[in-house]
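Derivation of every value follows stated rules applied to the coordinates shown; laboratory data play no part. From a predicted model like this one, the values you see are computed outputs, not experimental measurements. Because the Cβ atoms are built from the backbone with ideal geometry, glycine has one as well, and the counts that use them run over all protein chains shown.
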Amino acid sequence: MSKEKSAGASGRGVATREAAHAIGAQIMGAAGAAPDHLTHRAAPPDTRYWAKRTFDYCGRTLDRGQIFRLKGVANDKLMLDLDGYFAPFADGAPIYACNRCGEEFKELAMLEGHGKARHDPKRFVPPSPPIREDGEKRESYENRLDEWRVRAGRMADASEDSRDRHENEVAPLDLTRTQASREA
Ligand SMILES: [Zn+2]
């Protein structure tokens, strides 16, 4: 994976383009030459956020570190208050883009976590089911098959469990704030 390429070029490009928009809007505003609707269009209020944990948002799964825009859904404020889902992404900060799917990330380590989870085919390979031996009784074989099913299921769960445990440590949910935001 060419980390430097994906980290540098595309990341800076995004930040600079937005900075240019903002500066352009300021100049137009100061000159007083542009009609209001044009000024608004030049500086859209599109703060970006970064996902502090893996979660589903509006039909897609965001990975930890992934940079995205809010869709203005009812839960946005609650999730922001919970503090463990996402936080504003500072404009101009470096961005690390995935060279497989183009999604952008806050930290290189987070991009690598995404790469492992989404693009690494070796991430979780369930063990092959047992093969019925010559002369093995049907009952005995089915028992072995059941044991295999349980073991494979546990292994699949364990790989998600360890991700969840890690994310609960680095991005704990602040549940004390749910009541306040419901009342607000
Ligand atoms: Zn990717």
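Annotation: peptides 76-84, 147-155, ranked by per-residue average of other Cβ atoms within 10 Å with the highest first, follow the order 76-84, 147-155.
Peptide packing for 85-94, 62-71 was compared via the average number of neighbouring C-beta atoms within 10 Å per residue; ordered from the highest value, the list is 62-71, 85-94.
Note the full-extension length gain between E107 and T176 as 0.36 nm times their separation in residues minus their Cα-Cα distance, in nm to one decimal. Extending this stretch completely gives an extra 22.0 nm. Run the reach check for K116 against aspartates and glutamates, Cα to Cα strictly under 16 Å, same-chain hits fewer than 8 apart removed. What comes back? Qualifying aspartates and glutamates at Cα under 16 Å: D63, E103, E104, E107, E160, D161, D164, E167.
Amide H contacts of Y57: L62, each under 5 Å away and 5 or more positions distant or on a separate chain (H built 1.01 Å from N in the peptide plane; Pro and chain starts excluded).
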